[in-house]
Amino acid sequence: MLLHPFSSYKITRIRKPAPIREAMGILSTIVSRFPKRTGLPVFCFCALLFFGHCSSSHKSEKEIGNQFLFQAGDFQAIPGEKLEFEVEAGLFTVGDVSVEVIKPEEEIQKGRIHIVAKASTRPGISWISRIQHLWHAWIDSTTGQSLRMTRDVTENKYHVEQDVRFLADSQMIVQRDLHRPERPPKYFPAPPGRMTDLVNMIWKIRYSPFDEKKPGDTLSYLSFFDGEWMVLQMRYAGLRPFGPKKSRESAFLLYPVNIDSKLLRGKDPIEVWIENKPARRPLRVMISSYVGNAGVFLRK
């Protein structure tokens, strides 16, 4: 058993943001090292994890309180879908990202979705920085709740490996730091409605009912990551023209709001574009900063 009787739980206090540059680590090393945990987009690896690290705030479970958070019912995913992205900083392509929905027969029978996300810097810039991310997420296809998430991350000399279990029946999240085997598991109380990992949150953003929203509406999302809850707010800007004139289509435009970074430039320094089609593929994320511009682009 992963858990002991409830009387023996050691509830770990929510820590302050740890010095991690997850998600756009690929860009932060190139674009003059953004401050740690400032909220640089993590659209990295599904061009998607950007959503989490542009989180507007990091909170304990008690701080969230009764705040409204968008939670989808049935989890939507396309079995076999594989999305590939290029990460650019200025004029250079510095990294690659891929996200794949894996649903073998045994997963179908158990009613869960398995998503694998990878990100890495290009070999040609390894002398500047070496970044590698490998994430696995298992999500209940009926309830939309996270079941398990693992991540293996190397960013130059920094390395972390974690296994996180979401136990809805026990209303508990259990985190094991595999890179530090001497550490005991950490336990975080959480009601079933908050059993959402970072990859899960990104998929919920993709399939949000934007057609029911008005330009200017703000949607709030929740994710558990590395011992804390991250609340991400996205302002819906409506349908906008996207792409070159000859093949221009409409796409949903979103702006993450309340981003905690002094290096981001302008009123809306981050743009998130999602296609207006059933698949809802993320098309592009653009980041404007005082030290240069960067972006993540869906590879056609």
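Here are some pairs, K118/K204; K214/K245; K103/K246; which of them have Cα atoms lying more than 29 Å apart in this structure? Over 29 Å Cα-Cα: K103/K246. Structural size metrics of the stretch 142-226, computed from C-alpha coordinates, are Rg and Dmax of 15.6, 51 Å. Taking a point 7 Å from the Cα of L239 along the Cα-to-Cβ direction, the residues of the stretch 194-227 with backbone N closer than 15 Å to it are 209-215. Each residue of the stretch 145-157 was assigned a 3J(HN,Hα) from its phi angle through the Karplus expression (A = 6.51, B = -1.76, C = 1.60, θ = phi - 60°), giving 8, 6, 10, 7, 9, 10, 8, 10, 10, 10, 10, 6, 8 Hz with x at Gly and Pro. With a cut-off of 12 Å between beta carbons, the residues surrounding L134 carry a summed charge of -1, where Lys and Arg count +1 and Asp and Glu -1. Residues within the reach of a label modelled at K246 (point 7 angstrom out along Cα to beta-carbon, backbone nitrogen below 17 Å), restricted to the stretch 261-300, are 300. What's the local net charge at G238, with K and R +1, D and E -1, over the other residues with C-beta under 9 Å away? For residues surrounding G238, the net value is +3.
Fully extending the segment from S170 to N276 would add 34.3 nm, taking 0.36 nm per residue of separation and subtracting the current Cα-Cα distance.
Here the Kirkwood formula, the inverse mean of 1/r across different C-alpha pairs, assigns the stretch 116-261 a hydrodynamic radius of 17.7 Å. Measuring r between the beta carbons of H159 and E212 and using R0 = 30 Å, the FRET efficiency lands at 0.10. Between K262 and E106, the FRET efficiency estimated from the beta carbon spacing at R0 = 35 angstrom works out to 0.15.
Close amide H partners of G238, meaning residues 5 or more places away or on another chain with modelled amide H under 5 Å apart, are G216, L253.
Report the Cα centroid-to-centroid distance between the stretch 119-140 and the stretch 238-300 in angstrom, as an integer. With the stretch 119-140 and the stretch 238-300 each reduced to a Cα centre, they are spaced 22 Å.
All of the numbers you see were taken from the coordinates with simple rules; none came from a lab. It should be emphasised that the depicted structure is a prediction, and the values quoted were computed from it without experimental measurement. Counting neighbours? That spans all protein chains shown, and the Cβs are built from the backbone with ideal geometry, glycine included.
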